[in-house]
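The values are calculated or read from the model by the stated rules, or taken from the named source; none is laboratory data. Keep in mind it's a predicted model, so treat the numbers as computed, not measured. Virtual Cβ from ideal backbone geometry, glycine too; neighbours counted across all protein chains shown. Please note that ligands, DNA and RNA were not included when accessible areas were found on the heavy atoms of the full protein model with its side chains. Shrake-Rupley method; radii C 1.70, N 1.55, O 1.52, S 1.80 Å.
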Amino acid sequence: LALGLSYLRAGGVAEPAAPFLREAARESDETVNLAQLDGTDIVYIGRIPSRHIISADLLVGTRYPAWCTAMGHAMLAHIDEEQARDILARSNRIPYTAHTVTALEQILALIREARQAGFSFVADQIYLGDFTVAAPIFGPSHEPIAALGITGLASRHERNEFKARMGRLVMDTAGAISATLGR
């Protein structure tokens with residue numbers, strides 16, 4: 001039931017985004033995800049897994065806290081800062097790894113950085129050894145309605161190269177999806 005409800009809440013984003021996700025997965029050779037903000041969490045509404053043997057095994061409907069995920073940062077970067085602060089204040093900001101950023105002002109700085117760059121980047125926030133970049137998908141009224149993320153393992157990529165290459169790819173792909181949705 002939760003899986004079906006998360007898909008219905010997707011508001012029609014998952015289906016038109018699917019060919020773009022497949023193309024981004026082909027081009028990146030990594031896992032591509034689509035998520036929406038739901039309260040203080042992100043909910044996965046689409047996913048194209050990597051062909052690599054080692055990758056995170058997540059399902060559509062999986063929830064993660066928005067405050068420590070690239071897709072969460074990408075969406076929080078484009079809502080009113082007071083609303084973002086409220087979401088962060090209501091979040092249980094516990095460390096998942098020794099590298100998890102939990103301090104409110106540091107998270108806000110990462111969100112501001114994502115707004116300026118056009119995409120977010122996180123490493124080692126929930127799982128050690130992974131990199132994720134994400135960009136917002138905008139609806140017709142320029143509100144973030146979802147985020148597109150690409151996740152890869154640090155063992156397969158150099159950090160700055162991954163951030164630069166995949167950052168461009170998520171921005172281009174999220175922009176194409178936004179255009180398809182009437183933005």
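Brief remarks on what is shown
- Summing Cβ point charges (Lys, Arg +1; Asp, Glu -1) relative to the Cα centre of the stretch 83-158 gives a dipole of roughly 140 debye.
- Working note: 222 nm ellipticity from helices only, DSSP H runs with n ≥ 4, each -39,500 (n - 2.57), summed and divided by the residues of the chain, gives -13000 deg cm²/dmol to the nearest 500.
- Solvent-accessible area per residue in the stretch 77-140 equals 50 Å², computed with a 1.4 angstrom probe and all protein chains kept.
- Cα centre as origin, Lys/Arg/Asp/Glu Cβ charges: the stretch 23-96 dipole, Debye: 240 debye
- Taking amide hydrogens as placed 1.01 Å from N in the peptide plane, the amide H of residue 42 sits under 5 Å from those of 64, 66, each at least 5 positions away in sequence or on another chain.
- Simple spin-label estimate for residue 141 and residue 109 in nanometres, 7 Å along Cα-Cβ: 3.4 nm
- In order through the stretch 75-91: 3J(HN,Hα) via Karplus (6.51 cos²θ - 1.76 cosθ + 1.60), integer Hz, x for Gly, Pro: 7, 4, 5, 10, 10, 3, 4, 5, 5, 4, 4, 4, 4, 5, 5, 7, 7
- Among 48, 137, 94: highest mean-square fluctuation, GNM of the chain, C-alpha pairs under 10 Å: 94
- The smallest convex shape that holds all Cα atoms of the stretch 31-133, its convex hull, gives 94 Å³ per residue.
- Between amide H atoms placed 1.01 Å from N, distances below 5 Å from residue 130 occur with 124, 154, all of them 5 or more places distant or on a separate chain.
- Among 83, 127, 95 - extreme Cα towards positive end, dipole of the stretch 65-183, charges at beta-carbon: 127
- Here the chain is treated with +1 on each Lys and Arg Cβ and -1 on each Asp and Glu Cβ, and its dipole about the Cα centre works out to around 180 debye.
- Rg over Rh for the chain works out to 0.93, both radii taken from alpha-carbon positions and Rh defined as the Kirkwood radius.
- Across the stretch 154-164, rounded Karplus estimates of 3J(HN,Hα) from the backbone phi angles (6.51 cos²θ - 1.76 cosθ + 1.60, θ = phi - 60°) give 4, 5, 9, 9, 7, 3, 5, 5, 4, 4, 5 Hz, Gly and Pro being marked x.
- Database remark: amide H of residue 146 closer than 5 angstrom to the amide H of 137 (H placed geometrically; neighbours at sequence offset of 5 or more, or on other chains; Pro and chain starts carry no H).
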